[in-house]
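**Student:** Have a look at this one before I ask anything.
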Amino acid sequence: MRITNALVKGAANGQLVDIDIDPITGKITTITPAAGPFIAETEAEIYDAAGRLVSPQFVEAHIHLDYANTAGIPRDNESGTLFEAIEIWRERKEAGLNNPDLIRRNAIAAAKSAVEHGVGFIRTHVDVTDPELTAFRVLKDVKEEIRDWCDVELVAFPQNGIYAYQGGDRLVEQALKEGADVVGGIPHLEPTREDGVDSLKHLFDLGEKYGTRIDIHCDEIDDAQSRFVEVIAAETTKRSMQGLATVSHSAAMSYYEPGYMARLLPKLASADVTFAVCPNENLHLQGRGYSHATPRGVAPIKALTDFGLNVALCQDSISDPWYPMGNGDLLRVVDTGLHVSHMLQPKYIDNCLEFITHNPAKNLGLRGYGIMEGNPANLIVLDAHSEREVLQEGCPVLLSVHRGKRVFSRAAINTDWES
Ligand SMILES: [Zn+2]
(Lines give C-alpha, C1' and ligand atoms only; values in the text may rest on other atoms or scores of the structure.)
Protein backbone atom coordinates (compact mmCIF):
# COMPACT_ATOMS: atom_id res chain seq x y z
CA MET A 1 0.00 0.00 0.00
CA ARG A 2 1.15 3.53 -0.72
CA ILE A 3 -0.18 6.70 0.86
CA THR A 4 0.80 9.44 -1.53
CA ASN A 5 0.99 13.22 -1.07
CA ALA A 6 1.03 12.93 2.71
CA LEU A 7 1.93 15.78 5.05
CA VAL A 8 3.93 14.24 7.89
CA LYS A 9 5.21 16.39 10.74
CA GLY A 10 8.99 16.40 10.84
CA ALA A 11 9.43 14.64 7.50
CA ALA A 12 11.03 16.07 4.35
CA ASN A 13 11.13 19.65 5.67
CA GLY A 14 7.40 20.07 5.32
CA GLN A 15 7.31 18.74 1.75
CA LEU A 16 4.72 16.12 0.89
CA VAL A 17 5.84 12.51 1.05
CA ASP A 18 4.84 9.07 -0.17
CA ILE A 19 4.59 6.38 2.51
CA ASP A 20 5.10 2.82 1.30
CA ILE A 21 3.81 -0.03 3.44
CA ASP A 22 4.79 -3.68 3.12
CA PRO A 23 1.54 -5.70 3.01
CA ILE A 24 3.20 -8.77 4.53
CA THR A 25 4.99 -7.25 7.53
CA GLY A 26 2.60 -4.29 7.90
CA LYS A 27 5.62 -2.00 8.33
CA ILE A 28 6.53 1.29 6.71
CA THR A 29 9.26 0.48 4.21
CA THR A 30 10.07 3.94 2.85
CA ILE A 31 9.09 7.57 3.26
CA THR A 32 10.18 9.51 0.19
CA PRO A 33 9.42 12.92 -1.33
CA ALA A 34 6.07 12.71 -3.10
CA ALA A 35 6.39 11.54 -6.67
CA GLY A 36 3.83 14.13 -7.74
CA PRO A 37 0.95 13.56 -10.11
CA PHE A 38 2.88 10.99 -12.13
CA ILE A 39 2.84 7.95 -9.91
CA ALA A 40 5.07 5.16 -11.12
CA GLU A 41 3.22 2.07 -12.17
CA THR A 42 2.88 -0.22 -9.23
CA GLU A 43 0.82 -3.14 -8.05
CA ALA A 44 0.26 -1.42 -4.72
CA GLU A 45 -3.02 0.00 -3.51
CA ILE A 46 -2.71 3.79 -3.61
CA TYR A 47 -4.44 6.28 -1.32
CA ASP A 48 -4.03 9.92 -2.29
CA ALA A 49 -3.90 12.02 0.89
CA ALA A 50 -3.87 15.14 -1.36
CA GLY A 51 -1.65 17.13 0.98
CA ARG A 52 -3.56 16.28 4.12
CA LEU A 53 -2.00 15.68 7.53
CA VAL A 54 -1.01 12.09 8.29
CA SER A 55 -0.61 11.30 12.00
CA PRO A 56 0.24 8.21 14.00
CA GLN A 57 -2.98 6.59 15.22
CA PHE A 58 -4.14 8.22 18.45
CA VAL A 59 -3.45 6.51 21.79
CA GLU A 60 -6.24 6.41 24.39
CA ALA A 61 -4.25 6.06 27.62
CA HIS A 62 -7.13 6.00 30.10
CA ILE A 63 -10.58 4.60 29.52
CA HIS A 64 -12.92 2.08 31.16
CA LEU A 65 -14.25 -0.19 28.42
CA ASP A 66 -15.95 -2.49 30.96
CA TYR A 67 -18.15 0.41 32.15
CA ALA A 68 -18.99 1.76 28.72
CA ASN A 69 -22.57 2.22 27.54
CA THR A 70 -24.15 1.46 30.93
CA ALA A 71 -25.41 4.95 31.91
CA GLY A 72 -28.86 4.89 33.52
CA ILE A 73 -28.87 1.20 34.47
CA PRO A 74 -29.77 0.43 37.22
CA ARG A 75 -30.26 4.20 37.73
CA ASP A 76 -28.99 7.63 36.77
CA ASN A 77 -26.34 9.47 38.75
CA GLU A 78 -28.47 12.30 40.18
CA SER A 79 -25.73 14.10 42.13
CA GLY A 80 -23.19 13.87 39.32
CA THR A 81 -20.51 12.96 41.86
CA LEU A 82 -17.84 10.34 41.56
CA PHE A 83 -18.98 8.75 44.80
CA GLU A 84 -22.56 8.20 43.65
CA ALA A 85 -21.16 6.67 40.45
CA ILE A 86 -19.08 4.18 42.45
CA GLU A 87 -22.17 3.34 44.53
CA ILE A 88 -24.26 2.79 41.37
CA TRP A 89 -21.55 0.54 40.01
CA ARG A 90 -21.54 -1.53 43.21
CA GLU A 91 -25.34 -1.87 42.95
CA ARG A 92 -24.99 -2.91 39.35
CA LYS A 93 -22.49 -5.64 40.20
CA GLU A 94 -24.57 -6.91 43.13
CA ALA A 95 -27.73 -6.99 41.01
CA GLY A 96 -25.97 -9.30 38.56
CA LEU A 97 -26.49 -6.86 35.68
CA ASN A 98 -22.95 -7.33 34.37
CA ASN A 99 -23.36 -10.42 32.25
CA PRO A 100 -20.41 -11.35 30.06
CA ASP A 101 -22.18 -11.00 26.74
CA LEU A 102 -23.39 -7.49 27.56
CA ILE A 103 -19.95 -6.37 28.78
CA ARG A 104 -18.42 -7.72 25.58
CA ARG A 105 -20.87 -5.96 23.27
CA ASN A 106 -20.67 -2.66 25.16
CA ALA A 107 -16.86 -2.74 25.27
CA ILE A 108 -16.49 -3.52 21.58
CA ALA A 109 -18.98 -0.76 20.68
CA ALA A 110 -16.95 1.71 22.75
CA ALA A 111 -13.64 0.59 21.24
CA LYS A 112 -15.11 0.91 17.74
CA SER A 113 -16.31 4.43 18.49
CA ALA A 114 -12.81 5.40 19.64
CA VAL A 115 -11.21 3.78 16.59
CA GLU A 116 -13.58 5.60 14.25
CA HIS A 117 -12.17 8.80 15.78
CA GLY A 118 -8.58 7.80 15.00
CA VAL A 119 -7.54 5.66 17.97
CA GLY A 120 -5.38 2.58 17.39
CA PHE A 121 -4.17 1.86 20.94
CA ILE A 122 -6.15 1.70 24.18
CA ARG A 123 -5.16 1.28 27.82
CA THR A 124 -8.35 0.26 29.61
CA HIS A 125 -8.71 -0.02 33.35
CA VAL A 126 -10.86 -3.04 34.22
CA ASP A 127 -12.59 -3.40 37.58
CA VAL A 128 -11.24 -6.46 39.38
CA THR A 129 -13.10 -5.97 42.69
CA ASP A 130 -15.37 -8.85 41.73
CA PRO A 131 -14.68 -12.36 43.07
CA GLU A 132 -15.51 -13.84 39.66
CA LEU A 133 -13.32 -11.36 37.70
CA THR A 134 -16.15 -11.37 35.18
CA ALA A 135 -15.31 -8.12 33.39
CA PHE A 136 -11.59 -8.85 33.40
CA ARG A 137 -12.02 -12.24 31.75
CA VAL A 138 -14.38 -10.79 29.14
CA LEU A 139 -12.01 -7.92 28.36
CA LYS A 140 -9.15 -10.38 27.95
CA ASP A 141 -11.16 -12.05 25.18
CA VAL A 142 -12.13 -8.68 23.70
CA LYS A 143 -8.45 -7.72 23.55
CA GLU A 144 -7.78 -10.74 21.33
CA GLU A 145 -10.98 -10.32 19.33
CA ILE A 146 -10.19 -6.76 18.20
CA ARG A 147 -6.39 -6.98 17.93
CA ASP A 148 -6.41 -6.62 14.14
CA TRP A 149 -7.78 -3.09 14.41
CA CYS A 150 -6.81 -1.93 17.91
CA ASP A 151 -4.11 -2.86 20.45
CA VAL A 152 -5.50 -3.04 23.98
CA GLU A 153 -3.70 -3.04 27.35
CA LEU A 154 -5.57 -4.22 30.45
CA VAL A 155 -5.04 -2.56 33.84
CA ALA A 156 -6.04 -4.66 36.88
CA PHE A 157 -8.01 -1.88 38.53
CA PRO A 158 -9.50 -2.36 42.03
CA GLN A 159 -12.37 0.15 41.78
CA ASN A 160 -13.40 -0.35 45.42
CA GLY A 161 -9.85 -0.47 46.80
CA ILE A 162 -7.56 -3.34 47.77
CA TYR A 163 -8.17 -2.97 51.52
CA ALA A 164 -11.50 -1.10 51.51
CA TYR A 165 -12.79 -4.07 49.48
CA GLN A 166 -12.08 -7.32 51.25
CA GLY A 167 -9.74 -9.46 49.19
CA GLY A 168 -9.07 -6.69 46.70
CA ASP A 169 -5.31 -7.25 46.95
CA ARG A 170 -5.70 -10.94 46.06
CA LEU A 171 -7.98 -10.13 43.12
CA VAL A 172 -5.47 -7.68 41.64
CA GLU A 173 -2.81 -10.36 41.86
CA GLN A 174 -5.12 -13.00 40.39
CA ALA A 175 -5.77 -10.72 37.38
CA LEU A 176 -2.00 -10.29 36.97
CA LYS A 177 -1.57 -14.07 37.01
CA GLU A 178 -4.26 -14.28 34.32
CA GLY A 179 -2.48 -11.82 32.06
CA ALA A 180 -3.22 -8.23 33.14
CA ASP A 181 -0.67 -5.90 31.54
CA VAL A 182 -0.59 -3.15 34.17
CA VAL A 183 -1.21 -2.81 37.95
CA GLY A 184 -3.93 -0.34 38.97
CA GLY A 185 -4.96 1.16 42.30
CA ILE A 186 -6.99 3.84 44.03
CA PRO A 187 -5.22 4.91 47.27
CA HIS A 188 -7.53 7.84 48.17
CA LEU A 189 -10.45 5.41 48.54
CA GLU A 190 -8.68 3.12 51.02
CA PRO A 191 -9.92 3.39 54.65
CA THR A 192 -7.14 5.66 55.95
CA ARG A 193 -4.25 7.71 54.62
CA GLU A 194 -1.88 5.00 55.96
CA ASP A 195 -3.85 2.27 54.20
CA GLY A 196 -3.56 4.31 50.99
CA VAL A 197 0.23 4.50 51.36
CA ASP A 198 0.39 0.76 52.18
CA SER A 199 -1.77 0.01 49.15
CA LEU A 200 0.70 1.82 46.88
CA LYS A 201 3.66 -0.07 48.37
CA HIS A 202 1.83 -3.35 47.85
CA LEU A 203 0.89 -2.44 44.26
CA PHE A 204 4.49 -1.45 43.48
CA ASP A 205 5.56 -4.82 44.94
CA LEU A 206 3.17 -6.51 42.52
CA GLY A 207 4.49 -4.42 39.63
CA GLU A 208 8.03 -5.54 40.43
CA LYS A 209 7.00 -9.17 40.93
CA TYR A 210 5.12 -9.41 37.62
CA GLY A 211 7.32 -7.00 35.67
CA THR A 212 4.49 -4.63 34.77
CA ARG A 213 3.94 -0.92 34.61
CA ILE A 214 1.79 0.84 37.20
CA ASP A 215 -1.15 3.18 36.54
CA ILE A 216 -2.89 4.57 39.61
CA HIS A 217 -6.19 6.44 39.91
CA CYS A 218 -4.57 8.96 42.22
CA ASP A 219 -6.09 11.77 44.24
CA GLU A 220 -9.22 12.00 42.10
CA ILE A 221 -10.91 13.97 44.82
CA ASP A 222 -11.63 17.61 45.76
CA ASP A 223 -9.22 17.50 48.70
CA ALA A 224 -5.98 19.45 48.84
CA GLN A 225 -4.82 17.05 51.59
CA SER A 226 -4.96 14.04 49.26
CA ARG A 227 -1.25 13.68 48.48
CA PHE A 228 -0.61 10.20 47.15
CA VAL A 229 1.12 11.55 44.02
CA GLU A 230 4.21 12.23 46.14
CA VAL A 231 4.16 8.62 47.37
CA ILE A 232 4.13 7.38 43.78
CA ALA A 233 7.12 9.59 42.96
CA ALA A 234 8.99 8.31 46.05
CA GLU A 235 8.25 4.61 45.43
CA THR A 236 9.16 4.92 41.74
CA THR A 237 12.52 6.48 42.59
CA LYS A 238 13.31 4.11 45.51
CA ARG A 239 12.74 1.10 43.30
CA SER A 240 14.50 2.52 40.23
CA MET A 241 11.26 2.23 38.26
CA GLN A 242 11.64 5.61 36.57
CA GLY A 243 9.25 6.01 33.64
CA LEU A 244 7.14 2.99 34.59
CA ALA A 245 4.48 4.67 36.75
CA THR A 246 1.51 6.71 35.56
CA VAL A 247 -0.63 8.96 37.69
CA SER A 248 -4.21 9.10 36.43
CA HIS A 249 -6.52 12.07 37.12
CA SER A 250 -4.68 13.68 40.09
CA ALA A 251 -7.55 16.15 40.46
CA ALA A 252 -6.34 17.19 43.93
CA MET A 253 -3.21 18.67 42.35
CA SER A 254 -5.40 21.50 41.10
CA TYR A 255 -5.90 22.46 44.78
CA TYR A 256 -2.26 22.24 45.92
CA GLU A 257 -0.61 25.40 47.22
CA PRO A 258 2.27 26.82 45.14
CA GLY A 259 4.81 26.06 47.89
CA TYR A 260 3.90 22.38 47.93
CA MET A 261 3.80 22.18 44.12
CA ALA A 262 7.27 23.68 43.93
CA ARG A 263 8.59 20.81 46.07
CA LEU A 264 6.52 18.14 44.30
CA LEU A 265 7.25 18.85 40.63
CA PRO A 266 11.01 18.08 40.76
CA LYS A 267 10.31 14.78 42.55
CA LEU A 268 7.84 13.82 39.84
CA ALA A 269 10.33 14.80 37.15
CA SER A 270 13.20 12.80 38.62
CA ALA A 271 10.90 9.76 38.91
CA ASP A 272 9.78 10.38 35.30
CA VAL A 273 6.18 9.87 36.41
CA THR A 274 3.77 10.18 33.48
CA PHE A 275 0.25 11.62 33.68
CA ALA A 276 -3.12 10.63 32.27
CA VAL A 277 -5.47 13.58 32.60
CA CYS A 278 -9.17 13.41 31.71
CA PRO A 279 -10.32 17.04 31.53
CA ASN A 280 -13.87 16.55 30.22
CA GLU A 281 -14.78 14.01 32.85
CA ASN A 282 -13.14 15.76 35.80
CA LEU A 283 -14.83 19.05 34.87
CA HIS A 284 -18.10 17.13 35.19
CA LEU A 285 -17.28 15.23 38.39
CA GLN A 286 -15.20 17.60 40.49
CA GLY A 287 -16.02 20.77 42.37
CA ARG A 288 -19.56 19.71 43.24
CA GLY A 289 -21.35 21.38 46.15
CA TYR A 290 -20.08 24.91 45.55
CA SER A 291 -22.65 27.62 44.85
CA HIS A 292 -20.19 29.90 43.06
CA ALA A 293 -16.53 30.10 42.01
CA THR A 294 -16.63 26.34 41.35
CA PRO A 295 -13.18 24.74 41.29
CA ARG A 296 -12.22 23.08 38.02
CA GLY A 297 -10.71 19.94 39.53
CA VAL A 298 -8.56 19.20 36.48
CA ALA A 299 -4.88 18.38 37.08
CA PRO A 300 -2.66 21.36 36.19
CA ILE A 301 -1.91 20.31 32.61
CA LYS A 302 0.04 23.46 31.79
CA ALA A 303 2.23 23.41 34.91
CA LEU A 304 3.04 19.72 34.39
CA THR A 305 3.78 20.20 30.69
CA ASP A 306 5.90 23.31 31.24
CA PHE A 307 7.93 21.43 33.86
CA GLY A 308 8.74 18.79 31.22
CA LEU A 309 6.44 16.10 32.58
CA ASN A 310 4.69 13.81 30.13
CA VAL A 311 0.92 14.44 29.99
CA ALA A 312 -1.57 12.34 28.03
CA LEU A 313 -5.12 13.61 27.59
CA CYS A 314 -7.74 10.89 27.81
CA GLN A 315 -11.48 10.22 27.52
CA ASP A 316 -11.99 8.08 30.69
CA SER A 317 -15.66 7.19 30.09
CA ILE A 318 -18.13 6.54 27.33
CA SER A 319 -21.64 6.85 28.74
CA ASP A 320 -21.38 5.27 32.21
CA PRO A 321 -22.40 6.18 35.78
CA TRP A 322 -19.43 8.56 36.04
CA TYR A 323 -19.98 10.49 32.83
CA PRO A 324 -23.05 10.36 30.58
CA MET A 325 -21.25 11.69 27.48
CA GLY A 326 -18.09 10.70 25.58
CA ASN A 327 -17.62 8.92 22.27
CA GLY A 328 -13.88 8.26 22.17
CA ASP A 329 -13.16 11.43 20.18
CA LEU A 330 -9.81 12.54 21.61
CA LEU A 331 -9.83 15.77 19.61
CA ARG A 332 -12.70 16.98 21.79
CA VAL A 333 -10.69 16.01 24.87
CA VAL A 334 -7.66 17.97 23.66
CA ASP A 335 -9.89 20.95 22.90
CA THR A 336 -11.28 20.90 26.44
CA GLY A 337 -7.87 20.27 28.03
CA LEU A 338 -6.21 23.23 26.33
CA HIS A 339 -9.15 25.53 27.09
CA VAL A 340 -9.45 24.65 30.77
CA SER A 341 -5.70 25.00 31.27
CA HIS A 342 -5.23 28.35 29.52
CA MET A 343 -3.11 26.76 26.80
CA LEU A 344 -4.30 28.42 23.60
CA GLN A 345 -0.84 29.70 22.76
CA PRO A 346 0.81 28.71 19.47
CA LYS A 347 3.38 26.40 21.10
CA TYR A 348 0.57 24.20 22.44
CA ILE A 349 -1.94 24.67 19.60
CA ASP A 350 0.57 23.77 16.90
CA ASN A 351 1.66 20.64 18.79
CA CYS A 352 -1.73 19.68 20.22
CA LEU A 353 -1.67 16.15 18.81
CA GLU A 354 1.29 15.30 21.06
CA PHE A 355 -1.19 14.96 23.94
CA ILE A 356 -3.00 12.10 22.19
CA THR A 357 -0.12 10.54 20.22
CA HIS A 358 3.48 10.49 21.45
CA ASN A 359 2.71 11.45 25.07
CA PRO A 360 0.24 8.62 25.73
CA ALA A 361 2.50 6.28 23.72
CA LYS A 362 5.16 7.01 26.35
CA ASN A 363 2.69 6.21 29.18
CA LEU A 364 2.05 2.83 27.58
CA GLY A 365 5.70 2.26 26.66
CA LEU A 366 4.76 1.54 23.05
CA ARG A 367 7.67 0.46 20.90
CA GLY A 368 7.95 1.40 17.22
CA TYR A 369 5.35 4.14 17.55
CA GLY A 370 5.34 6.99 15.03
CA ILE A 371 5.57 7.47 11.29
CA MET A 372 9.12 6.34 10.56
CA GLU A 373 10.70 3.85 8.20
CA GLY A 374 10.76 0.41 9.82
CA ASN A 375 7.90 1.11 12.24
CA PRO A 376 4.56 -0.69 12.02
CA ALA A 377 2.16 1.31 9.84
CA ASN A 378 -0.36 2.56 12.42
CA LEU A 379 -1.55 5.84 10.98
CA ILE A 380 -4.49 8.03 10.10
CA VAL A 381 -5.23 10.66 7.47
CA LEU A 382 -6.94 13.72 8.94
CA ASP A 383 -9.02 16.08 6.80
CA ALA A 384 -6.72 18.98 7.68
CA HIS A 385 -3.39 20.53 6.76
CA SER A 386 -2.04 21.43 10.21
CA GLU A 387 -2.51 20.58 13.87
CA ARG A 388 -3.99 24.03 14.38
CA GLU A 389 -6.66 23.28 11.78
CA VAL A 390 -7.35 19.91 13.41
CA LEU A 391 -7.96 21.60 16.76
CA GLN A 392 -10.00 24.46 15.36
CA GLU A 393 -12.19 22.39 13.05
CA GLY A 394 -12.29 19.04 14.87
CA CYS A 395 -11.49 17.40 11.54
CA PRO A 396 -12.69 13.89 10.74
CA VAL A 397 -10.39 10.93 10.13
CA LEU A 398 -10.58 9.94 6.45
CA LEU A 399 -8.42 6.81 6.58
CA SER A 400 -7.17 4.58 9.37
CA VAL A 401 -4.44 1.97 8.94
CA HIS A 402 -3.50 -0.50 11.68
CA ARG A 403 -0.53 -2.86 11.29
CA GLY A 404 -0.43 -1.97 7.60
CA LYS A 405 -4.07 -2.89 6.97
CA ARG A 406 -6.84 -0.45 6.14
CA VAL A 407 -9.31 -0.34 9.07
CA PHE A 408 -11.75 2.07 7.46
CA SER A 409 -11.98 5.02 5.12
CA ARG A 410 -14.60 7.67 4.67
CA ALA A 411 -15.22 10.49 2.21
CA ALA A 412 -14.47 14.08 3.11
CA ILE A 413 -17.58 16.15 3.79
CA ASN A 414 -18.21 18.74 1.10
CA THR A 415 -20.65 21.58 1.58
CA ASP A 416 -22.38 22.85 -1.56
CA TRP A 417 -23.42 26.46 -1.09
CA GLU A 418 -26.31 27.62 -3.25
CA SER A 419 -24.62 30.86 -4.16
ZN1 LIG B 1 -10.61 6.19 35.40
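**Student:** Rg (Å, one decimal) plus Dmax (Å, integer) for the alpha carbons of the chain?
**Tutor:** 21.6, 69
**Student:** Then there is this: Mean separation of Cα pairs under 8 Å and 6+ residues apart, divided by the residue count of the range 297-401: what relative contact order is that in percent?
**Tutor:** Values: 115 pairs, mean separation 24.0, N = 105.
Normalised by residue count, the contact order of the range 297-401 is 23 percent.
**Student:** Tilt of helix 258-270 relative to the longest C-alpha principal axis of the chain, in degrees (0 to 90, nearest 10)?
**Tutor:** 60
**Student:** Separate question: Tilt of helix 82-94 relative to the longest C-alpha principal axis of the chain, in degrees (0 to 90, nearest 10)?
**Tutor:** Approximately 90 degrees, to the nearest ten.
**Student:** Separate question: Work out, step by step, the length gained on full extension between A269 and E373: first 0.36 nm times the residue separation, then minus their alpha carbon distance; give nm to one decimal.
**Tutor:** Value of the extension gain: 34.3 nm.
**Student:** Excluding A412 itself, what net charge comes from residues whose Cβ is under 10 Å from its Cβ, given Lys and Arg +1 and Asp and Glu -1?
**Tutor:** Within the 10 Å Cβ shell, the charges total +1.
**Student:** Could you run the Karplus curve 6.51 cos²θ - 1.76 cosθ + 1.60 with θ = phi - 60° over the range 383-396 and give me ³J(HN,Hα) per residue in whole Hz, x for Gly and Pro?
**Tutor:** Computed from phi, the couplings for the range 383-396 are 7, 7, 10, 6, 5, 4, 5, 4, 5, 5, 9, x, 5, x Hz.
**Student:** Mind checking the dipole of the range 287-366: about its Cα centre, +1 per Lys or Arg Cβ, -1 per Asp or Glu Cβ, Debye to the nearest 20?
**Tutor:** So the magnitude is around 200 debye.
**Student:** Probe radius 1.4 Å, ligands and nucleic acids ignored: give me the carbon and sulfur share of the accessible area of the range 70-147 as a rounded percent.
**Tutor:** Summing carbon and sulfur atoms, their accessible area is 50 percent of the total for the range 70-147.
**Student:** Starting from the Cα of E144, step 7 Å along the direction of its Cβ; do the same at Q225; then give the gap between the two resulting points in nm.
**Tutor:** Using points 7 Å along Cα→Cβ, the separation is 4.8 nm.
**Student:** Work out, step by step, the length gained on full extension between N99 and R288: first 0.36 nm times the residue separation, then minus their alpha carbon distance; give nm to one decimal.
**Tutor:** Using 0.36 nm per residue and subtracting the Cα-Cα distance, I get 64.8 nm.
**Student:** Now a separate question. So how tilted is helix 228-238 from the main axis of the chain? Cα-based, degrees 0 to 90, rounded to 10.
**Tutor:** 80
**Student:** What net charge is computed for the residues neighbouring G326, neighbours being all others with C-beta under 9 Å from the C-beta of G326, Lys and Arg scored +1, Asp and Glu -1?
**Tutor:** Here the charged neighbours net out to -3.
**Student:** Separate question: What whole-number value in Å² describes the accessible area per residue of the chain for a 1.4 Å probe?
**Tutor:** Accessible area per residue: 42 Å².
**Student:** What does the charge count near D195 come to, summing +1 for each Lys or Arg and -1 for each Asp or Glu among other residues with Cβ under 14 Å from its Cβ?
**Tutor:** Values: positive: R193, K201; negative: D169, E190, E194, D198.
Cβ neighbours under 14 Å give a net charge of -2.
**Student:** Which of the listed residues, I28, A114, A180, is farthest toward the dipole's positive end in the chain, when Lys, Arg count +1 and Asp, Glu count -1 at the beta-carbon?
**Tutor:** I28
**Student:** Would you work out the relative contact order for the chain, in percent, from Cα pairs under 8 angstrom that are 6 or more residues apart?
**Tutor:** It comes to 19 percent, rounded to a whole number.
The values are calculated or read from the model by the stated rules, or taken from the named source; none is laboratory data. Every value quoted in this text rests on a predicted model; they were computed, and no experiment measured them. Positions of Cβ are generated from backbone atoms using ideal geometry, with glycine treated the same way; all protein chains shown enter the neighbour counts. Surface accessibility is based on the protein's heavy atoms, side chains included, excluding ligands, DNA and RNA. Shrake-Rupley method; radii C 1.70, N 1.55, O 1.52, S 1.80 Å.
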